[in-house]
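These notes concern the structure reproduced below.
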Amino acid sequence: MAATANQELRVLRAAAPLEARSAARHSLGIYFCIANTVTYRVSAAHLAGVLGSDGSLLELFRTALLQVVLAQPFLRVGISGQDTTSPDLVALPELDLRHVVEEQELESVEDMHRDLEKSLQQPWPDQTRRPAWKVKLFRIPPEHDQVPDVYHISVSLTIHHTLSDGIGTGLFHEHLLHALNHPDPNVVQTITSIKDLGGGNHIVAMPDEINLPLPQEAALDFKMSLSFLARTAWGMFAPAVLKNWNATPWTGKPHNPNVERTHLRALKLGPEAAGRIIKACRERNTTLTPLINTLLVASFARRLAPDVAQALASSTPISLRPCVRKDVDFDPRAIGMYVTAYEQYFSPQTMEKMRDDEQVEGEMWRLAAEVRQGLSQRTETLPNDDIAGLAGYVGDWQAMFRSGYGKPRSATWEVSNIGAMDNGDEGAGEGGGWAMKSSLFSQSALVLGAALGVNVAGVKGGDINVSFTWQDGIVDTQLIEGVRDDLERWMEGLGKDGEIPVSSSLDTGLDPRRGLR
């Protein structure tokens with residue numbers, strides 16, 4: 001039986017502060033979801049054996065998806081009262097598989113990117129009775145480099161940020177991969193029983209028992225020093241003339257709640273290039289996230305005139321999962337929200353060196369090591385003196401967000417790296433079962449945040465993908481496409497020759513002393 005409007009809601013608990021923050025952004029129409037689109041591969045022979053003569057790929061994924069849902073409590077949760085100051089998480093009594101998984105035939109990867117753009121702007125309907133997540137199966141013609149007799153399909157999860165952080169989307173796909181390769185007979189029987197009822201029924205009753213993981217505010221021991229509280233208060237309330245010690249970073253246009261379109265661009269690095277880039281980072285005492293931050297500094301510095309961009313700033317989300325208290329019953333593979341962020345500033349002196357053809361490559365590696373050091377020092381002290389620990393003091397997220405409309409942004413970009421997902425059984429995908437080939441992580445435009453979202457994801461032994469998302473009108477599209485092209489060219493060069501090919505202003509097609517105005 002389908003859920004009806006007069007069914008009583010079963011409240012599981014109040015949304016925790018960070019969860020309520022994302023609910024408020026959705027209610028205001030300024031941020032809807034994160035997405036992780038993974039390309040799966042399987043041998044044609046294995047797939048034919050699994051499907052048999054009358055099976056369908058859609059039904060196969062619906063069965064595997066139900067297995068994931070039953071293992072992940074947050075996939076069985078709705079959100080009630082998200083337009084209030086105190087939203088609740090409620091139990092969904094049933095799941096209509098037709099609402100949460102569908103398949104599409106597309107002509108190209110570019111078509112998939114355009115579909116993702118639309119999904120990233122799509123609000124979730126009736127969140128009290130329907131799940132705020134969805135899976136799409138994209139059938140795309142094979143690329144020229146794909147192995148013969150191996151079937152590929154792209155599986156895209158979009159999910160409300162209240163329910164999951166970026167790492168949680170990777171955990172979803174790892175669980176889905178396991179379900180495809182190791183189907184639970186009880187789940188298979190459940191799907192078979194539903195089909196036997198006839199009438200196109202796809203509604204599955206959810207178990208009454210649902211144990212939500214503790215939110216980060218309860219699972220972590222946030223400790224705040226008086227000096228940290230004083231610095232935070234000064235940063236929030238002191239007059240700008242008194243606290244603006246450095247050149248103001250260029251961060252695009254101010255916060256604008258009128259979102260007409262989210263743009264998405266992407267780049268992909270193959271397994272060999274990805275491996276060489278990671279090796280080069282290790283040899284120079286850095287990692288991928290600091291390197292990407294550094295390449296963004298160089299690109300923006302060389303594409304923006306010095307009188308336009310004297311300085312830049314970045315924000316880097318950091319997972320708080322490793323900081324969960326030892327006495328907490330915590331499943332590290334559970335979907336949920338456990339995240340904070342760290343901001344870094346790039347000075348006029350750094351910008352000047354990035355604009356100098358003779359200094360730029362050496363400055364890149366010096367800065368990449370420095371950015372890594374800053375991130376490492378911040379990680380070592382977490383969760384002490386962290387801004388996430390103050391979320392509980394915000395009584396009205398919507399009012400707080402509205403107060404930021406029209407004000408300058410604090411960061412030029414955000415680099416959100418969810419890491420490399422575990423590919424499960426080694427060797428699967430060609431001679432055996434399912435395997436993952438690549439992951440494309442993306443998110444709604446950061447209306448109240450950085451001007452550009454840069455999202456990084458990979459699969460162990462597979463590709464690295466980087467997506468770029470931004471709000472229409474906040475930054476120039478030509479500028480961001482140029483930044484994407486710079487990162488692609490520089491990382492491909494590093495992955496091929498071990499060096500970043502930045503030696504001439506001809507690389508960008510712009511005079512770096514002039515740039516865009």
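The longest stretch of the chain left intact once loop-based GluC sites (Glu not before Pro) with at most 16 other Cβ atoms within 10 Å are removed from consideration, loops following DSSP, is 9-106.
Taking Cα atoms of segment 259-326, Rg/Rh with Kirkwood Rh, to two decimals?
When Rh is taken as the Kirkwood radius, the ratio is 1.07.
For segment 72-79, putting each phi into the Karplus relation 6.51 cos²θ - 1.76 cosθ + 1.60 with θ = phi - 60° gives couplings of 10, x, 5, 7, 10, 10, x, 10 Hz, in residue order, rounded to whole numbers and with x for Gly and Pro. Based on the Kirkwood approach, the hydrodynamic radius assigned to segment 7-83 is 16.2 Å, with every pair of different Cα atoms included. Axis of helix 477-497 versus longest Cα principal axis of the chain: the two differ by about 90°, to the nearest ten degrees.
Heavy atoms of the protein chains alone define the surface here; on that basis segment 52-157 has 42 Å² accessible area per residue at 1.4 Å probe size. Computed from Cα positions, the angle between helix 57-71 and the longest principal axis of the chain comes to roughly 80 degrees.
What FRET efficiency comes out for D83 versus S410 if R0 is 25 angstrom and r is the Cβ-Cβ distance? Round to the nearest 0.05. Intermediate results must be reported in sequence, preceding the final value.
On the way: r = 26 Å, r/R0 = 1.05.
That gives a FRET efficiency of 0.45.
Helix 288-303 and the longest principal axis of the C-alpha atoms of the chain enclose an angle of approximately 50°.
Using a simple spin-label model with pseudo-atoms 7 Å out from Cα toward Cβ, R282 and H182 lie 2.8 nm apart.
Using Cα-Cα distances under 8 Å and only pairs 6 or more residues apart, what relative contact order does the chain have, in percent?
Details: 1000 pairs, mean separation 121.5, N = 517.
Computed value for the chain: 23 percent relative contact order.
Pairs with C-alpha atoms separated by more than 21 Å, drawn from the list K268/K496; K253/K353; K279/K460; K223/K326; K353/K496, are K253/K353; K353/K496.
Between segment 454-483 and segment 103-135, the alpha-carbon centres lie 18 Å apart. Over all projection directions, the Cα-based convex hull of segment 300-420 averages an area of 10.6 nm².
Per the Kirkwood formula applied to alpha carbons, the chain shows a radius of gyration over Rh ratio, Rg over Rh, of 0.97.
Could you give the dipole magnitude of segment 397-473 about its Cα centre, charging the beta-carbon of Lys and Arg +1 and that of Asp and Glu -1, in debye to the nearest 20? Could the numbers behind the result be given before it?
On the way: 5 positive and 7 negative charges, 119 e Å.
Dipole of segment 397-473, to the nearest 20 debye: 580 debye.
Projecting label points 7 angstrom from Cα along Cα→Cβ for W234 and E272 puts them 5.4 nm apart. Note that segment 185-194 has calculated 3J(HN,Hα) couplings of x, 5, 5, 4, 5, 4, 5, 4, 5, 5 Hz, one per residue in order, obtained from phi through the Karplus relation 6.51 cos²θ - 1.76 cosθ + 1.60 (θ = phi - 60°); glycine and proline are x. Over segment 336-396, the ratio between the Cα radius of gyration and 2.2 N^0.38 Å evaluates to 1.57.
Working note: Karplus 6.51/-1.76/1.60 with θ = phi - 60° gives segment 100-117 the couplings 10, 9, 8, 10, 9, 9, 10, 8, 7, 4, 4, 4, 5, 4, 5, 5, 4, 3 Hz, where Gly and Pro are set to x. With 0.36 nm allotted per residue and the present C-alpha distance subtracted, the L226-R325 stretch has 33.4 nm of extension available. Per the Debye calculation on segment 350-471 with a single equal scatterer at every Cα and no solvent contribution, log₁₀ I(q)/I(0) for q = 0.09, 0.12, 0.22 Å⁻¹ amounts to -0.44, -0.76, -1.28.
The values are calculated or read from the model by the stated rules, or taken from the named source; none is laboratory data. Please read these numbers as outputs of a predicted model, since none were measured by experiment. We place every Cβ from the backbone using ideal geometry, glycine too, and count neighbours over all the protein chains shown. For accessibility, only protein heavy atoms count, side chains too; no ligands or nucleic acids. Shrake-Rupley method; radii C 1.70, N 1.55, O 1.52, S 1.80 Å.
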